[in-house]
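**Q** Below is a structure I'd like to ask you about.
The values are calculated or read from the model by the stated rules, or taken from the named source; none is laboratory data. Just so it is clear, the model here is predicted, and its values are computed rather than measured. Ideal geometry is used to build each Cβ from the backbone, glycine not excepted, and the neighbour counts take in all protein chains shown. Ligands, DNA and RNA are excluded from the accessible area calculation, which covers all protein heavy atoms including side chains. Shrake-Rupley method; radii C 1.70, N 1.55, O 1.52, S 1.80 Å.
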Amino acid sequence: MEIVNQVLGLFAYLFVFAAGLAVLSVVVLYVVDITQTTHAIRRNYPVIGRFRYFFEELGEFFRQYFFAMDREEMPFNRAERSWVYRAAKGLDNTVAFGSTRDLGRVGTPVFVNCPWPTLDSDAADPQPITVGEATCRHPYTTDRIFHVSGMSFGAISEPAIRALSNGAHMAGCWLNTGEGGLSPFHLEGGADIVFQIGTAKYGVCKADGSLDEDKLREIAAHEQVRMFEIKLSQGAKPGKGGMLPGAKVTEEIAAVRGIQVGQDSNSPNRHLDIANTHELLDFIDRVREITGKPVGFKTVIGAYGWLQDLCWEAQSRGPTSGPDFITVDSGDGGTGAAPMPLMDCVGMTVRESLPLVINILGETGMRDRVKVIASGKMIIPSAVATAFCMGADFVVTARGFMFSLGCIQAMKCNQNTCPTGITTHDKRLHRGLVPADKAERVKRYQRQMEKEVSMIAHSCGVSEPRQLRRYHCRLVQANGTTLPMDEIYPYRDAKSRAQRPVA
Ligand SMILES: Cc1cc2nc3c(=O)[nH]c(=O)nc-3n(C[C@H](O)[C@H](O)[C@H](O)COP(=O)(O)O)c2cc1C
């Protein structure tokens, strides 16, 4: 009996010891998690956050039995997100065994490799491009091809903007403010800034909703502010202005925007003073005159006859009229908040609208004057290279850079509860997003993107991405065969830079 008691006592000791050890481990892991700065989820959800990685690991094994393959998640699938995460973390970006991409899917781009690819020694860096060369007192020159698309202070948080600002500066690319005005956090890192004038004109607005020229002058006086983008529409909600739920309108955000704390911040569906192409051209000329810097507009394309009218009218007004750039956003673009019918069903995707816009500029003789910026789900190298084949001068992304900041596609941007601290103003959740660490990731993502887009260009036998042409890319058709993009979207420019070379 005594032996049994002794054994039971031993087990009791062992149990207490094991329980104590478990509690101690949890405490140690807790401290490790809240003090480390690289993983937002672990910092915001210490210990529990670790299960994410465990389940991800299990998912690798279980997916083949129960779950979707890594190409089936929306709006960005696992393969695309993983590429961004690896690029941002500076990890090896090679994959093994074979492609998981469905190469028979309609619209899939297939690049035309050259039998004699470009040698590394013959590769060139992308050539610098100057925007507003003939029209502005202060044109803008950049040799980067991939930049940060507009996300407002409000839609995204202070630490997210600080990370983007510092990361963009280190990468040498620009950061677009989005429509929420210019905050000190945008300026903090020293990056080039594109100031967006949204339909509510936050930051440059008079009480009656019209443009405050003095405030605009003040913004333009910042050397870092290099260009101005007039937002007509964005892909996720064409015909609807920006929407920021009251829960996200903090004191700081209200101050930058010039609005009331805690109240929903809804921009008008269009600029009150821009209702046709003449007024748009007038507004562009006015902003350019005041700021001396390049001015363009952002739009998602649905109807497009107006764009032809605008180009012809700019031509008739003279060589210094018209936009210095047009940002063509895709109907399937992202946002902090939008109504589903607009998000799902309104506006062409950039795949269709980009060649169309470039053709209109070519036909009207405006292509040399107007640079074209493309956006919409271009978060991996093949998507960016496709845009250059179509004729874009620059590509920008919002959600790609969000992934580089650690976004896990929780789809809660409109709820102020983003678990990674990117689209929330909850200070507790901000702890997970350490700007200094995430800025490095922003830089690495930008640099890796340019490197791998160049790799596609070299495989096609040209020395840099802007030498890609429509004939370098074939698109998969419904019958499983591919057609070259220049047959699907023929050039409409007599002196096109993109005529197919004689074979
Ligand atoms: C959180 C968030 C905020 C955004 N805020 C703005 C904005 O203020 N102004 C704007 O023109 N576009 C805004 N956008 C749209 C993006 O700039 C971009 O046009 C769109 O998401 C398509 O690019 P992507 O697919 O690379 O994200 C926002 C997008 C996101 C995800």
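**Q** Give segment 336-361 a look and list any residue that's open to solvent by 40 Å² or more (accessible area, probe 1.4 Å) and hydroxyl-bearing (Ser, Thr, Tyr), or say none.
**A** If the condition is that a residue be open to solvent by 40 Å² or more (accessible area, probe 1.4 Å) and hydroxyl-bearing (Ser, Thr, Tyr), then THR349 is the only one that fits.
**Q** Please count how many residues of segment 316-353 are within 15 Å of the ligand (Cβ to nearest atom), in contact with a helix residue (DSSP H, G or I) (Cβ under 8 Å, 6 or more places away or on another chain) and not in a loop (DSSP other than H, G, I, E, B).
**A** 5
**Q** Continuing with this model, one more query. With the requirement that a residue be of a type in the set (Ser, Thr, Tyr), over 23 Å from VAL453 (Cβ atoms) and open to solvent by 10 Å² or more (accessible area, probe 1.4 Å), what does segment 137-166 give you?
**A** At the first step, the residues of segment 137-166 found to be of a type in the set (Ser, Thr, Tyr) are 140-142, 149, 152, 157, 165.
Those left that are additionally over 23 Å from VAL453 (Cβ atoms): 152, 157, 165.
Within segment 137-166, SER152 is the sole residue that qualifies.
**Q** For segment 146-162, enumerate the residues that are within 10 Å of the ligand (Cβ to nearest atom) and part of a strand (DSSP E or B).
**A** VAL148, PHE153, ILE156
**Q** Tell me, yes or no, whether segment 342-357 has at least one residue that is more than 30 Å from VAL110 (Cβ to Cβ) and touching a residue at least 24 places away in the same chain (Cβ under 8 Å). Even if it seems obvious, please write down each step before you answer.
**A** Going residue by residue through segment 342-357, those that are more than 30 Å from VAL110 (Cβ to Cβ) are 342.
Pick out the ones that are also touching a residue at least 24 places away in the same chain (Cβ under 8 Å) and you get 342.
For segment 342-357, residues more than 30 Å from VAL110 (Cβ to Cβ) and touching a residue at least 24 places away in the same chain (Cβ under 8 Å): present.
**Q** Return the only residue of ALA254, ALA221 being free of Cβ contacts under 8 Å to residues at least 40 places away in the same chain, more than 21 Å from THR397 (Cα to Cα) and open to solvent by less than 20 Å² (accessible area, probe 1.4 Å).
**A** Working: ALA221 fails: open to solvent by less than 20 Å² (accessible area, probe 1.4 Å).
It is ALA254.
**Q** Return the residues of segment 354-388 that are within 16 Å of the ligand (Cβ to nearest atom) and not small (Gly, Ala, Ser); say none if nothing qualifies.
**A** To start, the set of residues in segment 354-388 that are within 16 Å of the ligand (Cβ to nearest atom) comprises 354, 357, 372-388.
Result: LEU354, VAL357, VAL372, ILE373, LYS377, MET378, ILE379, ILE380, PRO381, VAL384, THR386, PHE388.
**Q** With ARG52, ARG43 as the choices, which residue is assigned to a helix (DSSP H, G or I), under 30 Å from PHE403 (Cα atoms) and open to solvent by less than 60 Å² (accessible area, probe 1.4 Å)?
**A** That would be ARG43, the only listed residue that is assigned to a helix (DSSP H, G or I), under 30 Å from PHE403 (Cα atoms) and open to solvent by less than 60 Å² (accessible area, probe 1.4 Å).
**Q** Within segment 257-280, take every residue that is part of a helix (DSSP H, G or I) and under 27 Å from the mean Cα position of the chain (by Cα) and give me the one that is surrounded by the fewest Cβ atoms within 10 Å (Cβ to Cβ). Reasoning before the result, please.
**A** Here is the first cut: in segment 257-280, the ones part of a helix (DSSP H, G or I) are 257, 277-280.
Next, only the ones that are under 27 Å from the mean Cα position of the chain (by Cα) stay: 257, 280.
Numbers: ARG257: 26, LEU280: 23.
Applying the filter and picking the extreme gives LEU280.
**Q** Count, please, the residues in segment 178-196 that happen to be touching a strand residue (DSSP E or B) at 6+ places or on another chain (Cβ under 9 Å), outside any loop (DSSP other than H, G, I, E, B) and more than 10 Å from the ligand (Cβ to nearest atom). If you could, list the steps in order and put the result at the bottom.
**A** First, the residues of segment 178-196 that are touching a strand residue (DSSP E or B) at 6+ places or on another chain (Cβ under 9 Å): 178-183, 185-187, 189, 191-196.
Checking the rest, the ones that are also outside any loop (DSSP other than H, G, I, E, B) come to 178-180, 185-187, 192-196.
Of the ones still in play, those that are also more than 10 Å from the ligand (Cβ to nearest atom) are 185-187, 192-195.
Of the residues in that region, 7 qualify.
**Q** Also, quick follow-up: Going by the conditions given, is CYS136 within 21 Å of LYS215 (Cβ to Cβ) and away from the ligand (no atom under 16 Å from the Cβ)? Break it down into steps so the answer makes sense when it comes.
**A** On the way: within 21 Å of LYS215 (Cβ to Cβ): yes; away from the ligand (no atom under 16 Å from the Cβ): yes.
Judged against the criteria, CYS136 is a match.
**Q** Listed residues LEU244, LEU175, LEU211; which is among the aliphatic types (A, V, I, L, M), under 29 Å from GLY406 (Cβ atoms) and more than 10 Å from the ligand (Cβ to nearest atom)?
**A** Numbers: LEU244 fails: more than 10 Å from the ligand (Cβ to nearest atom); LEU211 fails: under 29 Å from GLY406 (Cβ atoms).
None of the others qualify; the one that does is LEU175.
**Q** Determine which member of the set GLY406, GLY400, GLY391, GLY421 is near the ligand (Cβ under 9 Å from one of its atoms) and buried (at least 24 other Cβ atoms within 10 Å of the Cβ).
**A** Selected residue: GLY400, the only one of GLY406, GLY400, GLY391, GLY421 that is near the ligand (Cβ under 9 Å from one of its atoms) and buried (at least 24 other Cβ atoms within 10 Å of the Cβ).
**Q** Another question, then. Please work out if ASP309 is under 19 Å from GLY107 (Cα atoms), of a type outside the set (Val, Ile, Thr) and either within 13 Å of the ligand (Cβ to nearest atom) or at pLDDT 95 or above (or both). So that I can check it myself, show each step before the final result.
**A** Numbers: under 19 Å from GLY107 (Cα atoms): no; of a type outside the set (Val, Ile, Thr): yes; either within 13 Å of the ligand (Cβ to nearest atom) or at pLDDT 95 or above (or both): yes.
It is false that ASP309 is under 19 Å from GLY107 (Cα atoms), of a type outside the set (Val, Ile, Thr) and either within 13 Å of the ligand (Cβ to nearest atom) or at pLDDT 95 or above (or both).
Condition check ((1) part of a helix (DSSP H, G or I); (2) more than 23 Å from VAL249 (Cα to Cα); (3) touching a Phe, Trp or Tyr at 6+ places or on another chain (Cβ under 8 Å); (4) of a type in the set (Lys, Arg)) across all residues:
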site: THR386; (1), (2), (3), (4): yes, yes, no, no
site: LYS412; (1), (2), (3), (4): no, no, no, yes
site: ALA439; (1), (2), (3), (4): yes, yes, no, no
site: ARG444; (1), (2), (3), (4): yes, yes, no, yes
